[in-house]
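We did not get these values from a lab; they are worked out from the coordinates using the rules stated. Since this is a predicted model, take the numbers as computed values, not measurements. Neighbour counts run over all protein chains shown; Cβ positions are idealised from the backbone, glycine included.
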Amino acid sequence: MQQDLNQKIYVAGHRGMVGSAIVRNLQAKGYTNIVTRTHAELDLANQAEVKSFFEVERPNQVYLAAAKVGGIHANNSFPAEFIYQNLMMEANVIHQAFSSGVKRLLFLGSSCIYPKLAFQPMSESALLTGTLEPTNEPYAIAKIAGIKLCESYNRQYGQTHGIDYRSVMPTNLYGPGDNYHPENSHVIPALIRRFHEAKISNALEVVIWGTGTPRREFLYVDDMAAASVFVMELDKKVYDQHTELMQSHINVGFGSDITIAELAAKIATATGYAGNIKFDSSKPDGAPRKWMDSSKLNNLGWKPQTSLESGLKTAYEQFALSQK
Ligand SMILES: NC(=O)c1ccc[n+]([C@@H]2O[C@H](COP(=O)([O-])OP(=O)(O)OC[C@H]3O[C@@H](n4cnc5c(N)ncnc54)[C@H](OP(=O)(O)O)[C@@H]3O)[C@@H](O)[C@H]2O)c1
């Protein structure tokens with residue numbers, strides 16, 4: 001379907017890892033009218049500020065990539081902030097988008113919406129079939145609410161107001177713009193930093209928590225951005241044919257997973273670390289496997305373009321540059 005490249009598109013969270021990749025993708029595709037606001041300029045948890053932003057800007061489309069995100073420690077320590085901030089942002093943006101006439105919106109969720117013991121690979125239909133992982137339950141509940149907000153507005157106003165609000169659920173992401181904080185980062189940026197530092201200091205060994213056997217899936221963030229724009233641009237008939245009114249979200253995964261030990265070996269190669277990698281099996285492993293079923297998106301015609309090796313190489317180059 002022909003896209004209007006001059007339509008006004010608001011990308012919420014454009015300075016984040018995913019939001020910035022979405023802006024890069026839209027610009028590369030020739031979209032000319034992208035609206036952004038920093039957190040300091042517009043607090044999306046503030047209803048009055050969001051209302052006045054939408055009344056003034058009146059975008060045609062919205063990508064909702066702003067969220068309060070964090071690892072297990074942050075989620076466990078600040079559960080009230082995680083549920084409150086995310087619920088407020090979603091409710092404000094989705095409701096004010098509707099009120100100001102936004103016809104199409106894309107909400108970004110997360111694979112943590114699925115039950116802790118979901119059948120692998122996790123398909124869209126696993127949503128609300130079991131108990132969530134307790135450490136990030138408040139965050140996951142807010143993400144589920146985001147999907148249900150989109151669906152409820154579609155159900156109530158889809159026919160009368162022509163709105164079409166969609167959701168995508170990414171697997172673990174990595175790449176430019178990632179958080180490399182020494183204590184509070186995801187597995188890929190954490191290992192990139194540790195192997196880089198081990199290489200610089202000529203350390204003989206890097207010790208990794210757990211047995212190295214859990215399997216995880218990783219997607220390069222520019223592939224996630226491409227998938228987001230792909231889903232946003234889908235013709236309504238096609239989107240509706242592949243989703244249901246009350247199960248409208250689409251998984252975005254890489255398609256295959258690897259063990260933490262295999263991942264560590266690839267990151268050692270990408271960073272040039274040549275020492276030993278040791279696994280401390282006295283430390284916890286987490287879930288044995290977290291792998292998304294992306295067949296719905298694949299059947300719609302989308303596939304990732306970036307291999308793990310090449311994505312890790314680019315991620316490391318960017319990280320190494322930032323350390324100079
Ligand atoms: N990273 C992953 O591996 C991953 C995996 C699955 C799903 N996702 C999803 O993808 C989305 C984006 O994640 P990300 O990794 O890009 O996160 P990120 O890098 O932390 O970016 C989030 C952005 O949202 C902004 N933000 C937070 N609270 C705000 C508020 N109250 N008002 C305005 N802006 C606010 C942040 O600005 P400040 O920094 O200034 O607060 C930041 O720019 C999230 O919904 C997340 O659940 C990410």
- Message: Are there any GluC sites (Glu not before Pro) in the range 178-256 that are in a DSSP loop and have at most 14 other Cβ atoms within 10 Å? List them by number.
- Response: Glu183
- Send over the Kirkwood Rh of the range 160-269, from the inverse of the averaged 1/r over different Cα pairs, rounded to one decimal Å. 16.5 Å
- Task: Quick one: what are the phi-derived ³J(HN,Hα) couplings along the range 101-116, Karplus 6.51/-1.76/1.60 with θ = phi - 60°, whole Hz, x for glycine and proline?
- Result: x, 5, 8, 10, 9, 10, 9, 9, x, 6, 5, 6, 5, 8, x, 3
- Task: Quickly work out the Thr213-to-Lys51 label distance, labels modelled 7 Å from Cα along the C-beta direction, and quote it in nm with one decimal.
- Result: 5.6 nm
- Report, by chain and number, residues whose modeled amide H sits under 5 Å from the one on Phe279, excluding near sequence neighbours (fewer than 5 apart, same chain). Ile208
- Message: If I stretch the segment between His181 and Ala265 completely, what's the gain in nm (0.36 nm per residue apart, minus their alpha carbon distance), one decimal?
- Response: 28.1 nm
- Query: Do the sum for the chain: with -39,500 (n - 2.57) for every DSSP H run of n ≥ 4, divided by all residues, what is the mean residue ellipticity at 222 nm, to the nearest 500 deg cm²/dmol?
  - Reply: -14000 deg cm²/dmol
- DSSP-defined beta bridges in the chain - what % are antiparallel, rounded to 5: 10 percent
- Message: Quick query: amide H of Leu106 versus all other amide H atoms, modeled in the peptide plane; which residues come in under 5 Å with a sequence gap of 5 or more or a different chain?
- Response: Val62, Tyr63, Leu64, Arg166
- Note on the structure: Relative contact order in percent for the chain (Cα pairs under 8 Å, 6+ apart) equals 19 percent
- Message: 7 Å from Cα along Cα→Cβ at both Ala203 and Glu309: what's the point-to-point distance in nm?
- Response: 2.6 nm
- Message: Please compute the modelled spin-label separation between Lys116 and Ala40, points set 7 Å along Cα→Cβ, answer in nm with one decimal.
- Response: 4.1 nm
- Message: Residue by residue through the range 244-259, what is 3J(HN,Hα) from phi via Karplus (6.51 cos²θ - 1.76 cosθ + 1.60, θ = phi - 60°)? Round to whole Hz and write x for glycine and proline.
- Response: 10, 3, 10, 8, 9, 7, 10, 6, 10, x, 7, x, 9, 10, 9, 6
- Straight-line reach from Lys199: which lysines have a Cα under 29 Å away, not including same-chain ones fewer than 8 places off? Lys266, Lys278, Lys283, Lys313, Lys324
- Message: Nothing charged except the Cβ atoms of Lys and Arg (+1) and of Asp and Glu (-1): what's the magnitude of the dipole of the chain about its Cα centre? Round to the nearest 20 debye.
- Response: 240 debye
